[in-house]
Structures are given as C-alpha cells and as structure tokens.
Amino acid sequence: QVQLVESGGGLVQPGGSLRLSCVASVGLVGVYTMGWYRQAPGKQRELVASISSGGNTNYPASVKGRFTISKDNAKNTVYLQMIFLKPEDAAVYYCNTVVGLRNYWGQGTQVTVSS
C-alpha cells in the first residue's frame, strides 16, 4: 500500500523559508521518482520539483534557485526546502509518486505566505 504523508507547512512572511517533508511507504523513495506539486485556489495543480531514484532533480523556472528537493532513502522521506518565498507560492503542497501507472498523492500541507 502506497502512503505519502506531508508535513511542515505553515504561515511565513514574504522572503521567509520553510521545509516540507513527505514520509513515504517503505522502499518507495529509493525506487520511484518523487515529486512535489502545489495547488492554489482556482488554479491547476502544478509540479514544483521532482527527484528521480538516482537523485536527478527537476524544477520549473518559477521556483528554480529558490526550491530544493532532496531525499533520504533510509528515512523514506522526501524534502522540499523553500527559500525567498513569495505570496504567489502560497498553496497546498502535495507529495506525489507514480507506481504502476497510478498516481498517488498525500493529503497536502498548506503553505501561506503573507505579512
């Protein structure tokens, strides 16, 4: 059974930082590509970072240089370090993986960027 549990969201001022964590079912992180997505109200869910089983990372231009995805295979955990946060980064952030052509999502963690 695939389970993804996010944590670490919260309220942060513009320019601040947060680190999100996603604890996955045992074995997933070392084998499958893991991703972080976000969805703001009224907007489509979008990819903000991904990391392959081999550690290759990918970011869209909107977050490149500010967001860093990493993982700890032994802890079955994927992280998203976010710095220089902007109001437009506010969203619910979801952890994701694809196993057997099926998308799996966590419950999401809310990130609010406001002064």
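Side notes on the structure shown:
- Number of residues in region 70-115 that are within 13 Å of the chain's Cα centre (by Cα), surrounded by 15 or more Cβ atoms within 10 Å (Cβ to Cβ) and over 24 Å from Pro41 (Cα atoms): the value is 3.
- Among the residues of region 66-115, those that are in a strand (DSSP E or B) and among the aliphatic types (A, V, I, L, M) comprise Ile69, Val78, Leu80, Met82, Ala91, Val92, Val98, Val99, Val111, Val113.
- Selected residue (criterion: nearest to the chain's Cα centre (by Cα)) from residues of region 58-69 that are of a type in the set (Ser, Thr, Tyr) and within 11 Å of Trp36 (Cβ to Cβ): Thr68
- Screening Gly42, Gly8, Gly15, Gly27 for residues that are open to solvent by 20 Å² or more (accessible area, probe 1.4 Å) and modelled with pLDDT under 95 leaves exactly one candidate, Gly27.
- Conditions (1) exposed (fewer than 15 other Cβ atoms within 10 Å of the Cβ); (2) over 19 Å from Gly108 (Cα atoms); number of the one not met by Arg66: (1)
- Being free of Cβ contacts under 8 Å to residues at least 24 places away in the same chain and surrounded by 14 or more Cβ atoms within 10 Å (Cβ to Cβ) is a property that Tyr59 has.
The values are calculated or read from the model by the stated rules, or taken from the named source; none is laboratory data. Quick caveat, the model's predicted, so the values are computed rather than measured. Neighbour counts are summed over all protein chains in view; Cβ atoms, including those assigned to glycine, are modelled from backbone coordinates with ideal geometry. Only protein heavy atoms, including side chains, enter the accessible area calculation; ligands, DNA and RNA are left aside. Shrake-Rupley method; radii C 1.70, N 1.55, O 1.52, S 1.80 Å.
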